[in-house]
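Just below is one structure, and these are the notes that go with it.
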Amino acid sequence: MDLDTAIKERRSIRKYLPKELSKELLQDVLEVALWAPSGMNRQDWELVVVRGGQLERLKEIVSKSKEFILPHLKELFSEKIIKISLQVFKDFGGAPAVILVYMPKEIIHYDRSLDERGRFHLEFKRHSRLLSASALIQNLLLAAHARGLGTCWMTGPLYMTEEINEFLGRNDKELVSLITIGYPDQSPPAPPRKESVVHWVG
Ligand SMILES: Cc1cc2nc3c(=O)[nH]c(=O)nc-3n(C[C@H](O)[C@H](O)[C@H](O)COP(=O)(O)O)c2cc1C
């Protein structure tokens, strides 16, 4: 599969086949994803892969984020889309694995000694880490798609960050996103893309 095709044909998958996903294939996808660029090449990211019985507890926790997400979905989508979207919050659409992306936590606290540049630097570091983690995630989605796997990048579950981190014993890290992964049991149409977002100067 060439790169342009992978980019254009990848879709967010919210329903998966009950088919086992081998650790080797997952490792292969993650190895490729980790070739992402990162600010100052810090590679300030960590991945946690949850599979098997451990997924049940994660599902329980994440399903509680539905109530926080629902009002936002109602603002944007039809009943049908909302139903599909909520299913992925309930049981990850049956995905056999979920990958959690973490980065170091920046404690933004009141610090008299920090001048404006000091505060900017803290924000700059967090910004850079988020962008780097996003590059890794897009790599992951594309590497998975190229291997016949489906994924859904999710930030909705972040409403339950505290509970998720407690479950995984990672209170010292910032949770960036969750990604469901498995063999797709749907091939959704491509949501249209906006036009006129490119401004040429020169
Ligand atoms: C930062 C980010 C957060 C997202 N969070 C969610 C989510 O919580 N739940 C969900 O079902 N989809 C989520 N998505 C998937 C988007 O809804 C999806 O990418 C978009 O509708 C375009 O569809 P496509 O991925 O099939 O091209 C997220 C995507 C991104 C980039």
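Report, to the nearest 10°, how far helix 54-63 tilts away from the longest principal axis of the Cα atoms in the chain, using its own Cα long axis and a range of 0 to 90°.
Computed tilt is about 80 degrees.
For labels at Arg126 and Asp44 in the simple 7 Å Cα→Cβ model, what's the distance in nm?
For Arg126 paired with Asp44, the spin-label model returns 1.1 nm.
Return the single residue from Ala144, Ala135, Ala190 with maximal mean-square fluctuation; model: Gaussian network over the chain, springs between Cα atoms under 10 Å.
In this elastic network of the chain, the residue with the biggest mean-square fluctuation among Ala144, Ala135, Ala190 is Ala190.
Work out from phi, with θ = phi - 60° and the Karplus expression 6.51 cos²θ - 1.76 cosθ + 1.60, the ³J(HN,Hα) of each residue of the range 71-77, listed in order in whole Hz, and give x for Gly and Pro.
So the Karplus estimates, Gly and Pro as x, are x, 6, 5, 4, 5, 10, 10 Hz.
Quick one: accessible area per residue over the range 132-202, 1.4 Å probe, rounded to a whole number of Å²?
55 Å²
Between their Cα atoms, which of Lys23/Lys66; Lys80/Lys194; Lys105/Lys125; Lys15/Lys66; Lys15/Lys80; Lys83/Lys194 are more than 19 Å away from each other?
Lys23/Lys66; Lys80/Lys194; Lys83/Lys194
Which log10 I(q)/I(0) values does the range 12-112 give at q = 0.21 Å⁻¹ under the Debye formula, counting every alpha carbon as one identical point scatterer?
The calculated log intensity ratios at q = 0.21 Å⁻¹ are -1.14.
Can you pull out the trypsin sites (Lys or Arg not before Pro) in the range 27-120 that DSSP calls coil and that have at most 15 other Cβ atoms within 10 Å?
Sites meeting the loop and neighbour criteria: Arg42, Lys64, Lys105, Arg112.
Which Rg and Dmax, in Å, describe the Cα atoms of the chain?
Using the Cα atoms of the chain, the pair Rg, Dmax is 18.2, 56 Å.
Taking all protein chains in place and a 1.4 Å probe, what share, in percent, of the accessible surface of the range 1-72 do carbon and sulfur account for?
The nonpolar share, carbon plus sulfur, comes to 52 percent.
Using a Förster radius of 41 Å, what is the FRET efficiency between Trp35 and Lys80 based on their Cβ-Cβ separation? Nearest 0.05, please.
0.60
The values are calculated or read from the model by the stated rules, or taken from the named source; none is laboratory data. This is a predicted model, so every value here is computed, not measured. Quick reminder, even Gly has a Cβ in these numbers, built from the backbone with ideal geometry, and neighbours come from all protein chains shown. What goes into the accessible areas is simple: the full protein's heavy atoms, side chains included, and nothing from ligands, DNA or RNA. Shrake-Rupley method; radii C 1.70, N 1.55, O 1.52, S 1.80 Å.
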